[in-house]
Amino acid sequence: MKQLSFLRIAPVRGLPSLPFRALCLFALMTLPLLVPAGAQTTAKVSGVVHDPTGALIPGATVEITRAGGSVIGSTTTDDGGHFQMAQPASGDYDLIVVRAGFSPLDQKLHVAKTPVAPLTLTLNLADVTTSVNVDAGQDIDVAAPENNNDVATVSANDMKTLPVFDGDIVATLSAFLDTGIAGEGGTTLIVDGVETSSVGVAASAIERVSINEDPYSAEYRQPGRGQVEVITKSAADHFHGSASFTYRNSALNGTNYFATTKPSEQRNLYEGYLTGPIKPLKNTAFLFSMSRKERDVYAQVLATTLPTVMPTVNVYTPTRTTEISMKVSRQYNDHHSAYVLYKFHDEGDVNDGVGGLVQETAGYAENDFDQDLTYHDDLSVSASILNQLDVHYERDYESVIDNVEAQQTIVEGVATFGSAQLDAVYTENNPTVNDMVTWSVGKRVPQTMKFGIQLPNLGRRIWEDRTNREGTYTYASEAAYSSGTASSFSIQQGQSRFQTLFAQPSGFFLDQMQLGKKLTVTPGVRYDFQNTLSNTKDGVEPRLSIAYMIDKKHALVVRTGSGIYIRRVGVNIGQQLARYQFAAERNLLITDGACLAPTTCTPTVLAEAPPSLFQYQPGLQAPVQAYFGLSVERQVTKNSTLVIGYNGYRGWHALRSVDINAPLPPFTSYTRPNPNFAQVLQLQSQGYQKTDGMSVSYRGRVGNVVSAFLQYTLQHSDANTTFSTFMPQNQYEPNDEWSRSDFDQRQRLGLFATLYPDKPLTVGVGFYDNTPLPYTITTGTDDYKTGVFNARPAGVPRNSLNGGDFQDLQLRVGYTYKLHPRVKDDESALAFSVSSFNTLNRVNFLTYNGVLGSPSFMQPNTASDPRRLQLQVSYTF
């Protein structure tokens, strides 16, 4: 692979001390660990919670209740699975432990005058259908937020029986996300309570993955359906682990709809983890995980006559991904534990961006290299107060290299070739500090208060920008290309290296109050600041969730809530401002006169061309979203729950870009109001978004035969913008863009199920059925003389056409052979499985050609993968 000289980045002056400061902060935070904590004299109930393999379980709710059901003590296990709370008066009580992904534990607790001996509690793994089952004799607080049944959760046990493509459980579960809610920054990924860019651990080292666990919590910046929460396994006090090999080959697969011949493809996945004690050190354990993915696949480029006659071809698009993680945990005493976690991620792709109308010459190679270091500390200050501290440092490096260094040619609706024009290098240093206190108080009115500060995305990004340095010609049609008549020419010159500092600190407070036996109210407030939009106001975000148990016998619960969410704006906007506010990087857009033919585009002409600018609108506001919902859940049988709910959101101050120097109506001339500049893109915040939806979820089990989780969503979404880069067709009428949003997928159905979940031979099922996403008709011509080819035929709104619907049936047949079935607590086993994806080999079209003058107008140009078989063998010990 060729290397470019600009990829060798010199040391950057300015803030070289950021990594050093992070290390100093790390050292300061660890100093208390060197000093033994003082003995606590108050009698307490304490212990540890783990799963059947011995892995410790963090985040489990532990409650002590009276026989009548009132809660007199509540706490949460720390990262080492430990808990403690004040010991009640002598008597008999119930001790209840609840954690998503595990079956609830309810056992008797006898308290005498002497201190209660430390407890060792085991939670059994639950399958994907497990819900909190309640009968008249149980005291589980089903109204608590953590017992919300409108949550999609997959546990480590589920991953052993369900069809999971490439072992990527996060991608599998993302089918239950609401992409419109996620906002411009995309879905938030939270791993062990820390926001991060990648999971960074092997799939077998994941304890569970959840979506919508606590939808209105002030602890998080995103609504529940806009983030994925991942909990990794804790280091265990005895040795165990697993290793697996996954294999796929084109000989076992179908053929892509657009492929004239089946290419030779193969994918190999090696992964595993090992955990156990570190013998020389007391109460210290480790967890090591590794994953290696080798993907040799092809993309299909459709037949074209440009730049020469070419049939449909298969283009090799390999990917290599390596992930390594190491966690070391230490239990200092029964109220103090900590761990250090290191994660390494390296991914390389070749011929990215190729496929459909994009030819191989317009592809690029991409490398993503990330390293993370996290220090986490759990300290029980008292029997009712837990402090959790996270210090995280992440360094990301990403490079993009064009396949070919040449001018790019775009023929609207026909082909893109010549070059990708995307050469760039991104380097980001991102320290993060989170500190949260959980305080359980009250006897008559049990309360769990949480408050803390969060300093995510506090760092620096360096961008070495070499995009579009050779220039891009855009033609309205194949005939225009043949005649050499371009509609626009763009090129970038000047400064290429930019530094952006970003800070997005926040703080929150919430109070979960149990008002009687049936009502739980959780008010909260959050404060967010972001310097990316320097002239906007900071934001206070109130949140509220309420749950009322109407009928305990049937676990009939009504939940409602709402919250204000100030949307985080990406660092890319600050980079745009640094590059183009004063034309430090000259972005030239020529739509008339010289340079529309390569022979006339001389250096002198380019030197005289006016640059484009980027600026903020005066009074710019940060995007705001109100999210609200109402749901009713009911236990229909002892082992099944039905949830019916409504969710909606309204977004105002949504961002869009408007060219305030666009040619004036009636758009017959390319002359701009200010001839000294080309485009003057102004970031504005007058956009509006609206979504309403209904969902029905079923989670249940029928005897020992089948367990299932099913979710159906009916939704409608409208908007007059998408993200900050969205531009209207008529720059003087941006509100005319009101129409279906890009995410307006009316109906979605998702199903996970396992047949014979408790048997050695299991059958896993996944089924997805989605109605189409919309796409837009464009004329392919620059009707508004702006150099932006998004004009539509008169009277035609955005997203007026539907793409193709999507159906995917996935199956997995697995067999587990226990090596020592007669030995108690021995999990040693060999497992074999065969999985199929798109089992019915259905053609699912992904993208369509919406350019009116194109020969393939309204025809699909890409399709999802055909049927694929996946073989896996694993060893667990």
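The values are calculated or read from the model by the stated rules, or taken from the named source; none is laboratory data. All of these numbers come straight from a predicted model, not from anything done at the bench. Neighbour counts run over all protein chains shown; Cβ positions are idealised from the backbone, glycine included. Areas reflect the complete protein model, heavy atoms only, side chains present, ligands, DNA and RNA absent. Shrake-Rupley method; radii C 1.70, N 1.55, O 1.52, S 1.80 Å.
Residue-by-condition table, conditions (1) in contact with a Phe, Trp or Tyr (Cβ under 6 Å, 6 or more places away or on another chain); (2) assigned to a loop (DSSP other than H, G, I, E, B); (3) open to solvent by less than 10 Å² (accessible area, probe 1.4 Å):
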position	(1), (2), (3)
S197	no, yes, no
V209	no, no, yes
V230	no, no, yes
A235	yes, yes, yes
G254	no, yes, no
Y257	no, yes, no
T261	no, yes, no
(message) Can you list residue pairs whose Cβ atoms sit under 7 Å apart, with the first residue in region 840-852 being within 21 Å of V765 (Cβ to Cβ) and the second being in a loop (DSSP other than H, G, I, E, B) and open to solvent by less than 50 Å² (accessible area, probe 1.4 Å)? Count only pairs 6 or more apart in sequence or on different chains.
(response) N841/G254; N841/P866; N844/G804; N844/S864
(message) Can you tell me which condition E541 does not meet? The list is (1) more than 27 Å from the chain's Cα centre (by Cα); (2) part of a strand (DSSP E or B), and all the others hold.
(response) (1)
(message) Among the listed residues R330, R248, identify the single one that is open to solvent by 60 Å² or more (accessible area, probe 1.4 Å), in contact with a Leu (Cβ under 8 Å, 6 or more places away or on another chain) and part of a strand (DSSP E or B).
(response) R330
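In region 646-679, how many residues are in a strand (DSSP E or B) and within 24 Å of S724 (Cα to Cα)? It would help to see each step written out before you state the result.
Just the residues of region 646-679 that are in a strand (DSSP E or B), to begin with: 646-659.
Adding the requirement that they be within 24 Å of S724 (Cα to Cα) leaves 648-659.
Total satisfying the criteria: 12.
Mind checking which residues of region 349-397 are among the acidic types (D, E) and either open to solvent by 20 Å² or more (accessible area, probe 1.4 Å) or more than 30 Å from H82 (Cα to Cα) (or both)? Even if it seems obvious, please write down each step before you answer.
Taking region 349-397 first, the residues among the acidic types (D, E) are 349, 352, 360, 366, 368, 370, 372, 377-378, 390, 394, 396.
Of everything in region 349-397, those that are among the acidic types (D, E) and either open to solvent by 20 Å² or more (accessible area, probe 1.4 Å) or more than 30 Å from H82 (Cα to Cα) (or both) turn out to be D349, D352, E360, E366, D368, D370, D396.
Scan region 483-519 for residues that are part of a strand (DSSP E or B), out of contact with any Asp or Glu (no Cβ under 7 Å at 6 or more places or on another chain) and either open to solvent by less than 50 Å² (accessible area, probe 1.4 Å) or of a type in the set (A, V, I, L, M) (or both) and jot them down.
Taking region 483-519 first, the residues part of a strand (DSSP E or B) are 488-494, 497-502, 506-515, 519.
Add one more test, that the residue is out of contact with any Asp or Glu (no Cβ under 7 Å at 6 or more places or on another chain), and what stays is 489-491, 493, 499-502, 507, 509, 511-513, 515, 519.
Matches in region 483-519: F489, S490, I491, T500, L501, F502, G507, D511, Q512, M513, L515, L519.
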(message) Here is a list: N457, N468. Which entry is at positive phi, open to solvent by 30 Å² or more (accessible area, probe 1.4 Å), touching a residue at least 40 places away in the same chain (Cβ under 8 Å) and assigned to a loop (DSSP other than H, G, I, E, B)?
(response) N457
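From S496, S477, grab the single residue that is small (G, A, S) and closer than 30 Å to L306 by Cβ. Quick ask: steps written out before the conclusion?
Values: S496 fails: closer than 30 Å to L306 by Cβ.
When all the criteria are applied, what remains is S477.
Is it true that some residue in region 127-143 is at pLDDT 70 or above, open to solvent by 50 Å² or more (accessible area, probe 1.4 Å) and farther than 22 Å from V191 by Cβ?
From region 127-143, those at pLDDT 70 or above are none; that's our starting set.
No, because not a single residue in region 127-143 is at pLDDT 70 or above, open to solvent by 50 Å² or more (accessible area, probe 1.4 Å) and farther than 22 Å from V191 by Cβ.
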(message) Residues to consider are G484, G494; find the one that is at positive phi and touching a Lys or Arg at 6+ places or on another chain (Cβ under 9 Å).
(response) G494
(message) Going through G186, G180 one at a time, which residue ends up being within 13 Å of the chain's Cα centre (by Cα), without any contact (Cβ under 8 Å) to a residue 12 or more places away in the chain and closer than 29 Å to S562 by Cα?
(response) G186
(message) Residue under question is A338, and the condition is that it be assigned to a strand (DSSP E or B), within 21 Å of L422 (Cβ to Cβ) and open to solvent by less than 40 Å² (accessible area, probe 1.4 Å); does it hold?
(response) no
(message) For region 593-617: of the residues being among the hydroxyl-bearing types (S, T, Y) and open to solvent by less than 50 Å² (accessible area, probe 1.4 Å), which is modelled with the highest pLDDT?
(response) S612
(message) Tell me the residue from Y565, Y527 that is of a type in the set (S, T, Y) and either open to solvent by 20 Å² or more (accessible area, probe 1.4 Å) or farther than 24 Å from Q684 by Cα (or both), please.
(response) Y527
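Considering only region 271-285, state which residues are surrounded by fewer than 16 Cβ atoms within 10 Å (Cβ to Cβ) and not polar (S, T, N, Q).
Restricting attention to region 271-285, the residues satisfying the condition of being surrounded by fewer than 16 Cβ atoms within 10 Å (Cβ to Cβ) are 278-283.
Residues satisfying the conditions are I278, K279, P280, L281, K282.
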(request) Go through D769, D783, D805 for me and flag whichever is of a type in the set (D, E, K, R), over 29 Å from L714 (Cβ atoms) and open to solvent by 30 Å² or more (accessible area, probe 1.4 Å). (result) D783
